[in-house]
Amino acid sequence: MDLIKVSKLIASNKFLIETTFQLEKDFLNIGVNFDIEKPVQDYKQLFLFTSLIVNRLNNQDPKRVVNLLYRIDLSEEKVQSEMKISSLSFSELLAELIVKRGLQKVIIKNYYSSPENQ
């Protein structure tokens, strides 16, 4: 599944709760609490919160950001290619890619847990 299809699901707020839990799990794996206020209203709120955490981490401990990207399987090449075409700041772009990757994981898990897809 590519990020364009993921963007359509973001527009509809589909899988928002599951994506929030996935991000909490991903950040906890690197020792960072992802304490977003719930209920999360939309993906924009999730992007903004993620961007704040990524920005703080990037300033305090950039190795943790690299560790997070490795753990969620977001390649350096993907980040670099997106940086070339994006007008977002580095932290905003990383936040967007991290949230979209979390949503991808939720979609894949949902697809394979459905009985008709097994």
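Read-outs: derived from the displayed coordinates by stated rules, not from any lab. In this text, all values refer to a predicted model and were calculated from it rather than measured experimentally.
Any number yet on Rg/Rh for region 76-118, C-alpha, Kirkwood? If you can, show how the numbers build up before the last one.
On the way: Rg = 14.2 Å, Rh = 11.9 Å.
Ratio of gyration radius to Kirkwood radius for region 76-118: 1.20.
At 222 nm, what value in deg cm²/dmol follows for the chain if DSSP H runs of at least 4 each add -39500 (n - 2.57) and the sum is divided by all its residues, to the nearest 500?
One gets -23000 deg cm²/dmol as the mean residue ellipticity at 222 nm.
How big is region 1-82 in terms of Cα radius of gyration and Dmax, in angstroms?
Final numbers for Rg and Dmax: 13.0, 34 Å.
Just to confirm my numbers, what's the Cα centroid distance between region 15-53 and region 78-118 in Å?
13 Å
For the chain, set up a GNM with springs between Cα atoms under 10 Å and report which of Glu18, Glu92, Glu37 has the largest fluctuation.
Glu37
Students often forget the sequence filter, so: which lysines lie under 26 Å Cα-Cα from Lys25 once same-chain residues fewer than 8 apart are removed?
Hits, sequence-local ones excluded: Lys5, Lys8, Lys14, Lys38, Lys44, Lys63, Lys78, Lys100, Lys105, Lys109.
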